[in-house]
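**Q** Before anything else, here's the structure in question.
The values are calculated or read from the model by the stated rules, or taken from the named source; none is laboratory data. Because the structure is a prediction, the values reported are computed rather than measured. Don't worry about glycine lacking a Cβ; one is built from the backbone with ideal geometry, like all the others, and counts go over all protein chains shown. Ligands, DNA and RNA are excluded from the accessible area calculation, which covers all protein heavy atoms including side chains. Shrake-Rupley method; radii C 1.70, N 1.55, O 1.52, S 1.80 Å.
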Amino acid sequence: MRVPVLGLAAGLVVLDRDASRYVRDVRRLALGDRFVAFDPDARVEADAEIVGLELRGAVTARLDPPRPAPLLPSRPVTLVQCVGKSDKLDAVVRDATELGATEILTARSERTVASRDSDAALARYRRIALEAARQCGRGDLPRIAAPQALVDVLRTIAAPIRVLLHPTAQLELRDVVDALPRSTAAAIAIGPEGGFSERERAWAEGAGFVPVRLGCTILRTETAATAALGALLVLGQPVRTTPM
Ligand code: SAH
């Protein structure tokens with residue numbers, strides 16, 4: 001069982017409110033029970049034992065010396081996600097964390113409907129990513145950036161694999177990815193509910209993004225993100241057992 005402990009170091013540590021509640025109320029651990037503490041910011045983990053447990057209070061644990069996190073993404077993958085309605089980004093952040101994305105850059109495009117660019121929204125995405133990392137065993141978190149104009153986001157990306165997901169593209173993701181080594185950095189741009197405009201598609205192509213298709217149906221924007229990352233997972237294993 002894994003519990004996030006930020007600023008992880010050997011010795012006694014008092015778990016924060018969320019971690020204490022998870023250990024005490026959700027997993028119902030007792031004094032002397034053991035778990036693995038992980039710190040995704042430092043990419044380390046440590047064996048831990050519960051040494052203090054108060055009803056409705058904080059949990060205290062004794063941590064062994066930290067070791068490098070065993071599971072980290074091997075392929076840098078940047079997801080450029082045009083911001084969708086309401087809580088769609090929550091699902092994208094959760095799935096993208098599980099599927100090994102290393103960066104989630106949110107973007108405003110011509111047909112963007114809503115944008116959640118508050119600090120509160122970013123903090124919420126980080127919590128979702130942390131929970132997904134805890135659950136899936138990953139030892140780090142994707143970097144999540146607040147929305148910027150699509151053109152500004154795309155022009156900063158230099159990954160050798162740059163694709164723009166488009167339902168009517170001629171090429172498939174495999175056509176672009178298969179020719180390159182499995183560790184090659186990739187960037188995947190995904191449109192909002194209304195898709196990319198023709199102008200955006202042309203502009204992205206000018207910035208080196210190759211339009212590619214996933215299957216033959218039109219997917220929802222959040223499904224497209226998950227499907228594309230899943231396809232990359234099959235085409236190139238994104239976790240390895242040594243740090244990047
Ligand atoms: N009516 C829009 C559909 C947008 S779907 C259009 O025709 O473009 C939202 C986004 O999901 C798209 O911009 C694209 O990035 C992605 N997407 C959906 N289905 C896809 C598919 N089959 N192949 C590639 N990308 C797809």
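**Q** Step by step: first the residues of the stretch 13-51, then only those that are in a strand (DSSP E or B), among the aliphatic types (A, V, I, L, M) and under 28 Å from the mean Cα position of the chain (by Cα), then the one that is surrounded by the fewest Cβ atoms within 10 Å (Cβ to Cβ). Which residue is that?
**A** We begin by selecting, within the stretch 13-51, every residue in a strand (DSSP E or B); these are 13-14, 34-39, 44-51.
Pick out the ones that are also among the aliphatic types (A, V, I, L, M) and you get 13-14, 36-37, 44, 46, 48, 50-51.
Now narrow it down to the ones that are under 28 Å from the mean Cα position of the chain (by Cα): 13-14, 36-37, 44, 46, 48.
On the way: Val13: 21, Val14: 13, Val36: 17, Ala37: 23, Val44: 20, Ala46: 22, Ala48: 26.
Residue satisfying both the conditions and the ranking: Val14.
**Q** In the stretch 52-90, how many residues are among the charged types (D, E, K, R), over 23 Å from Gly139 (Cα atoms) and part of a loop (DSSP other than H, G, I, E, B)?
**A** Of the residues in that region, 4 qualify.
**Q** Residues to consider are Leu219, Leu214, Leu235; find the one that is among the aliphatic types (A, V, I, L, M), within 16 Å of the ligand (Cβ to nearest atom) and within 20 Å of Thr102 (Cβ to Cβ).
**A** It is Leu235.
**Q** Restricting attention to the stretch 196-229, report how many residues are part of a helix (DSSP H, G or I) and buried (at least 16 other Cβ atoms within 10 Å of the Cβ).
**A** Residues flagged as part of a helix (DSSP H, G or I) and buried (at least 16 other Cβ atoms within 10 Å of the Cβ) within the stretch 196-229 amount to 13.
**Q** Scan the stretch 180-187 and give yes if some residue there is more than 30 Å from Pro40 (Cα to Cα) and either within 7 Å of the ligand (Cβ to nearest atom) or touching a residue at least 40 places away in the same chain (Cβ under 8 Å) (or both), otherwise no.
**A** no
Table: residues versus (1) touching a strand residue (DSSP E or B) at 6+ places or on another chain (Cβ under 6 Å); (2) modelled with pLDDT of 95 or more; (3) assigned by TED's automatic domain parsing to the domain that holds Gly137.
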site: Val26; (1), (2), (3): no, no, no
site: Asp33; (1), (2), (3): yes, yes, no
site: Val36; (1), (2), (3): yes, yes, no
site: Pro40; (1), (2), (3): no, yes, no
site: Arg43; (1), (2), (3): no, yes, no
site: Val51; (1), (2), (3): yes, yes, no
site: Glu54; (1), (2), (3): no, no, no
site: Ala58; (1), (2), (3): yes, no, no
site: Leu63; (1), (2), (3): yes, yes, no
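**Q** Identify all residues within the stretch 128-171 that are of a type in the set (D, E, K, R) and surrounded by 15 or more Cβ atoms within 10 Å (Cβ to Cβ); write none if there are none.
**A** Glu131, Arg134, Arg138, Asp140, Arg162
**Q** Using the structure shown, decide if Asp95 is touching a residue at least 12 places away in the same chain (Cβ under 8 Å), closer than 17 Å to Leu141 by Cβ, outside any loop (DSSP other than H, G, I, E, B) and open to solvent by 10 Å² or more (accessible area, probe 1.4 Å).
**A** Answer is yes for this residue.
**Q** Still on this model: Can you find a residue in the stretch 161-172 that is under 20 Å from the mean Cα position of the chain (by Cα) and more than 14 Å from the ligand (Cβ to nearest atom)?
**A** yes
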